[in-house]
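Each remark here refers to the structure printed beneath this line.
The values are calculated or read from the model by the stated rules, or taken from the named source; none is laboratory data. Keep in mind that what you see is a predicted model, and the values were worked out from it rather than measured. Counting neighbours? That spans all protein chains shown, and the Cβs are built from the backbone with ideal geometry, glycine included. Only protein heavy atoms, including side chains, enter the accessible area calculation; ligands, DNA and RNA are left aside. Shrake-Rupley method; radii C 1.70, N 1.55, O 1.52, S 1.80 Å.
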Amino acid sequence: MESLYYQNDSLLHRLNPLSKIVATAPVILFLALTTAPWTPSVFILFFGLITVIWGRIPILRYLKTVTPLLFLITGFLIFYPFAVDPARVAGTGIAFQIGSVVVRWGGIIFGVATALRILSLIFGTLLFVLTTDSSDFIRALVQQWRLSYRIGYSAMAAYRFIPMLHSELAVIRAAHKVRGISDRGGLRAQYDRARRYAVPLLATAIRKAERTALAMDSRAFGAFETRSYFRQLTFARRDWVFIGAFLAVSLALILILAKAGLLGSLVVLQEF
Amino acid sequence: MSTETTTQPKPRLKDWTTRDLLVMAAISIAFGLILAGVNYLAGLLLAVNPMLAVIFSGLYFLPGLMIMLIVRRPGANILTRVIVNLAQLPFTPFGWAPLVMEPLFFGGAAEMPFLITRYRDFRLRIAVIGGVAAGVVSFLMMLAFGFFSGFSFGFIIATLAIFLLSGALLGGVLATVLVNAIAKTGVLNSFAIGQEQQEEI
């Protein structure tokens, strides 16, 4: 599996990973609660522009990441108008009719709104994912947010296991093949293969993990409360400026939408 | 646990050896990669029908329950969720978002039956209850975020049923089956679970 991170040296790349979370998290949470289609649309554009311009992500690369997501949400557009509770959209006009199934405009708007809502959340997190090296994020969690470095380094060790898992899988596959187990077939064979591969793969992974743990222990990993770091991350003034500016612009966008009457009701208020 | 005390075992990181942490990391990355793929599949199914997307929910609780059965330490479910989410960070467009709530809600729910039995009972039934509890909490979270707004009552109940079934089977039962199978290979001999599985010769 390929990493989504795009290595570059841009404004967003140079920010502390945590500041990108602090800035986007409140906006994403707010978007998760919106119901009207306008708010997510505006923020999809907002997130997209910031990521591409300030993250200096090539537009093709951005589209390549986003396209499968667009494919995912078309389902909402197709299915939700049929699935929506008839009582909820009873007042709206009929869009079209297939036999006894009536699709109303309210249902279509509901599908569009749900799709856009989910897409806006993903565009929000993509701003972080595309511009942040995961190891740097873990370093920041350890250094700025006081995550135990034993947990942080365990997660970083996990990244190092990925190539090992790939090569082990190849070894297991070859071993099964040389013993005459077919490597082809449909869904059923896929399931059988997953079952055959799971235990040996996990067993080797555990064995490798134990050896790594021994190596780390022998270098006194975890012996002290604090430790020194090869890469020291800081929370600089530009991080505060970014957080402030991002939240201010987001708030302005929301206020403009509210003023124009396009904000719609929030989901929490609707449910309870 | 090394010391036998009458007080409730507290989830202390100090009790975790480097070996525990690294075994957790290895299992977490393996399932992190699988779950990053399942995320896309579940997203597609969520679009077609939210009821279908829920079928795989138990897989999300699986690594936590497995680590709990292997290392048998308080907090295993929560910590594993943290590591799984950190490990799959570069591979999922959702990024850090699941990291905020999943460990606490899914992990915390799966942790409950083990906490209630004071981390002394690691049989199948406790793991199944853990998977079911995590399923209930995920269902409530989907409800709170309005994923079911606009759907009929029968649909919502059916989704809950799938949550429970998936949590029990793909979560609790599969965790127990996998851990027992791995223990039979001998790689877990230094853990309590491996000691139990060893046959006298």
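General remarks:
Residue-by-condition table, conditions (1) more than 8 Å from chain B (Cβ to nearest Cβ); (2) within 28 Å of residue A:264 (Cβ to Cβ); (3) not basic (Lys, Arg):
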{"site": "A:3", "(1), (2), (3)": "no, no, yes"}
{"site": "A:18", "(1), (2), (3)": "yes, no, yes"}
{"site": "A:24", "(1), (2), (3)": "yes, yes, yes"}
{"site": "A:29", "(1), (2), (3)": "yes, yes, yes"}
{"site": "A:32", "(1), (2), (3)": "no, yes, yes"}
{"site": "A:37", "(1), (2), (3)": "yes, yes, yes"}
{"site": "A:56", "(1), (2), (3)": "yes, no, no"}
{"site": "A:69", "(1), (2), (3)": "no, yes, yes"}
{"site": "A:73", "(1), (2), (3)": "no, yes, yes"}
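- Any hit, segment A:12-23, residues being within 21 Å of residue A:133 (Cα to Cα) and surrounded by fewer than 16 Cβ atoms within 10 Å (Cβ to Cβ): yes
- Qualifying residue in segment A:92-103 (condition: open to solvent by 60 Å² or more (accessible area, probe 1.4 Å), modelled with pLDDT of 80 or more and over 18 Å from residue B:44 (Cβ atoms)): no
- Taking the numbered list (1) at pLDDT 90 or above; (2) aromatic (Phe, Trp, Tyr); (3) surrounded by fewer than 24 Cβ atoms within 10 Å (Cβ to Cβ) in turn, residue B:60 passes all entries but (3).
- The numbered conditions (1) within 10 Å of chain B (Cβ to nearest Cβ); (2) modelled with pLDDT of 90 or more; (3) within 31 Å of the chain's Cα centre (by Cα) are all true for residue A:240 except (1).
- Filter pass, residue B:187 being in contact with a helix residue (DSSP H, G or I) (Cβ under 6 Å, 6 or more places away or on another chain), among the aliphatic types (A, V, I, L, M), closer than 18 Å to residue A:199 by Cα and assigned to a loop (DSSP other than H, G, I, E, B): yes
- Scanning segment A:37-58 for residues that are open to solvent by less than 20 Å² (accessible area, probe 1.4 Å) and part of a loop (DSSP other than H, G, I, E, B) returns A:55, A:57.
- Here residue A:52 fits the description: closer than 23 Å to residue A:253 by Cα, more than 12 Å from chain B (Cβ to nearest Cβ) and free of Cβ contacts under 8 Å to residues at least 40 places away in the same chain.
- Residues that are exposed (fewer than 13 other Cβ atoms within 10 Å of the Cβ) and more than 8 Å from chain B (Cβ to nearest Cβ) do occur in segment A:130-147, at least one of them.
- Residue B:183 meets each of the listed conditions (1) within 24 Å of residue A:121 (Cα to Cα); (2) touching an Asp or Glu at 6+ places or on another chain (Cβ under 9 Å); (3) crowded, with 19+ Cβ neighbours inside 10 Å; (4) small (Gly, Ala, Ser) apart from (1).
- Residue A:154 vs. criteria assigned to a helix (DSSP H, G or I), touching a residue at least 12 places away in the same chain (Cβ under 8 Å) and within 10 Å of chain B (Cβ to nearest Cβ): no
- From the options B:169, B:140, residue that is open to solvent by 60 Å² or more (accessible area, probe 1.4 Å) and in contact (Cβ under 8 Å) with a residue 60 or more places away in the chain: B:169
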